[in-house]
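Only one structure is covered here, and it is reproduced in the block below.
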Amino acid sequence: MEKAIAEGHEVVAYVRNPKKIAPRENVSVVVGELADAMRIEEAIRGSDAVISVIGPLGRQNKLIFAPAYENIIAAMKKHGVKRLVALGTPSIPSSMDRPSLVFGALIVVVGMILHRGYEDIQRVGELIRESGLEWTLVRVPLLTNRPARGKLTIGHFGNGVWWPRLSRADFADFLLKQLTDRTYINKAPAISN
């Protein structure tokens, strides 16, 4: 969010806990839950694009994020917002991925251990791809609080260019660039550093 503000964007932050965001110029806060379609619509109304960084946090016993994306996509369509840039995980496949024994085994293990979360994020990928929006699913590894490196590895799984970590600062920079860069429209790049 800091980078978006620094670049002069007006930001609407949709949050559960408003105490996590200090009041500042060019930032509006809408408080709500992921299942609250009316509040999600309020946050999206009047926007030029949506950047979403919601995703699985670990074990869960029901679908949480797919229903939220149903609300996000419906609100975007209702208000004519066409651009969606969303966090994805390696569990969301891309037709550009190449078969990899190690990577495939990792995904199977994740699916077995975090079954509901895996199912949820898979459904998110399907919803976004079928949305008719101009979407980019940014598939990320483990996010860290390390400083930005300013250098990203961008590619697809199985081609040997992906690493297991990514700084949140570099992730944020990549997300913002997607608002003006059309390279990854309707694509699911895997990024890391």
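Read-outs throughout are calculated quantities, based only on the coordinates presented, and are distinct from any laboratory measurement. Quantities reported herein were computed from a predicted structural model and do not represent experimental measurements. Note that we place each Cβ from the backbone using ideal geometry, even for glycine, and neighbour counts take in every protein chain shown.
Distance from the C-alpha centroid of the range 30-57 to that of the range 125-193: 20 Å, rounded to the whole angstrom. Ellipticity at 222 nm from helices only: DSSP H runs of n ≥ 4 in the chain, each -39500 (n - 2.57), divided by the residue count, give -10000 deg cm²/dmol. Using a simple spin-label model with pseudo-atoms 7 Å out from Cα toward Cβ, Asn26 and Arg149 lie 2.8 nm apart. In loop segments of the range 124-167 as defined by DSSP, the GluC sites (Glu not before Pro) with at most 12 further C-beta atoms inside 10 Å of their C-beta are Glu130. For the range 2-192, the relative contact order comes to 20 percent (Cα pairs under 8 Å, sequence separation of at least 6). Relative to the longest principal axis of the Cα atoms of the chain, the long axis of helix 115-129 makes an angle of roughly 70 degrees.
First select every other residue whose beta carbon is under 15 angstrom from the beta carbon of Val140; then total the charges, Lys and Arg +1, Asp and Glu -1. In short, +4. By the Kirkwood approach, averaging reciprocal distances over each pair of separate Cα atoms, the range 2-192 gets a hydrodynamic radius of 17.3 Å.
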